[in-house]
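Okay, so here's the structure we're looking at.
The values are calculated or read from the model by the stated rules, or taken from the named source; none is laboratory data. Computed from a predicted structure; not experimentally measured. Ideal geometry is used to build each Cβ from the backbone, glycine not excepted, and the neighbour counts take in all protein chains shown.
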Amino acid sequence: MKGRKRIQGLLGGLILLLLLALTVALWPVGKRSDSLTDLVEKLPPGVDLGMENVHYSQNESGRKSWELDAGRADYQRDTKELALNRVRFVYYLENARGQLNVNAGQGVLNQSRQQLQLTDGVIMLAAAGEKFQTQSLHYDLEKKQAHTDDLVQIENSQMKLTGKGMQLDIKQEHLRLFADVHAIFYSSAQEGSGK
């Protein structure tokens, strides 16, 4: 009888240990699903998916055409757009002529329409050393054209150019300013000092 009670006690203890081990093993899974629920609840209204540190690139004819990085991207299914924060867009020029680097505080990418809208302090650096600054820039990824209705400042080592409204055809290398155009040309003596 004593042996039987001893075996029952050992089996009972073993069952308790197994239940405790099972509870400990499953507890993080339940905790993870709770944190996922909390994460989904923290997404802004109308946002279907939020992502941090996003990298996206497009290839054309076997070569990289452009890259886009963002600190945060919120995908909205109803508009099929990515709302972007802390945006860095790199467009690779054809025939290995360099690249355009564009930074902005905010952006919206509509991949199905091939449109990128950048806002909040847009700065574009061209391969030849030009620096473009404006408040907003709309880029057509398919046509390879950019435009804005805002004030634009363009500067390189030889000049500073300002105007209101701009159209830039990257493929044709054609820039057009629409209104209130002012230019300052630096003399070669001023060139080394930046003015």
Could you tell me whether Ser157 is surrounded by fewer than 18 Cβ atoms within 10 Å (Cβ to Cβ), farther than 28 Å from Asn53 by Cα and not hydrophobic (A, V, I, L, M, F, W, C)? yes
When Ala128 is evaluated against the numbered criteria (1) assigned to a strand (DSSP E or B); (2) of a type outside the set (Lys, Arg); (3) without any contact (Cβ under 8 Å) to a residue 60 or more places away in the chain, which criterion, by number, is the only one it fails? (1)
Pairs needed: first member in the stretch 59-87, basic (Lys, Arg); second member anywhere, part of a loop (DSSP other than H, G, I, E, B); C-beta distance under 6 Å; at least 6 residues apart or different chains. Arg77/Asp48; Lys80/Ser112
If we keep only residues of the stretch 61-114 that are more than 24 Å from Asp169 (Cβ to Cβ) and out of contact with any strand residue (DSSP E or B) (no Cβ under 6 Å at 6 or more places or on another chain), then the residue surrounded by the most Cβ atoms within 10 Å (Cβ to Cβ) is Gln76
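Table: residues versus (1) of a type outside the set (Lys, Arg); (2) over 26 Å from the mean Cα position of the chain (by Cα); (3) modelled with pLDDT of 90 or more.
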| position | (1), (2), (3) |
| --- | --- |
| Glu81 | yes, no, no |
| Phe132 | yes, no, yes |
| Val152 | yes, no, yes |
| Asn156 | yes, yes, yes |
| Ser193 | yes, yes, no |
Six or more apart or on different chains, Cβ atoms under 7 Å: show the pairs whose first residue is in the stretch 179-193 and closer than 15 Å to Glu155 by Cβ and whose second is part of a strand (DSSP E or B) and at pLDDT 50 or above. Val181/Gly163; His182/Thr162; Ala183/Met159; Ala183/Leu161; Ile184/Met159; Ile184/Lys160; Phe185/Met159; Tyr186/Met159
Looking only at the stretch 121-140, which residues are within 17 Å of Val90 (Cβ to Cβ) and of a type in the set (Val, Ile, Thr)? Val122, Ile123
Filtering the stretch 134-150 down to residues that are surrounded by fewer than 17 Cβ atoms within 10 Å (Cβ to Cβ) and within 20 Å of Gly98 (Cα to Cα), which residue is modelled with the lowest pLDDT? Glu142
Is there a residue in the stretch 96-107 that is more than 30 Å from Gly50 (Cα to Cα) and free of Cβ contacts under 8 Å to residues at least 24 places away in the same chain? yes
Taking the residues in the stretch 67-93 that are of a type in the set (A, V, I, L, M) and assigned to a strand (DSSP E or B) as candidates, determine which candidate is farthest from Val54 (Cα to Cα). Val90
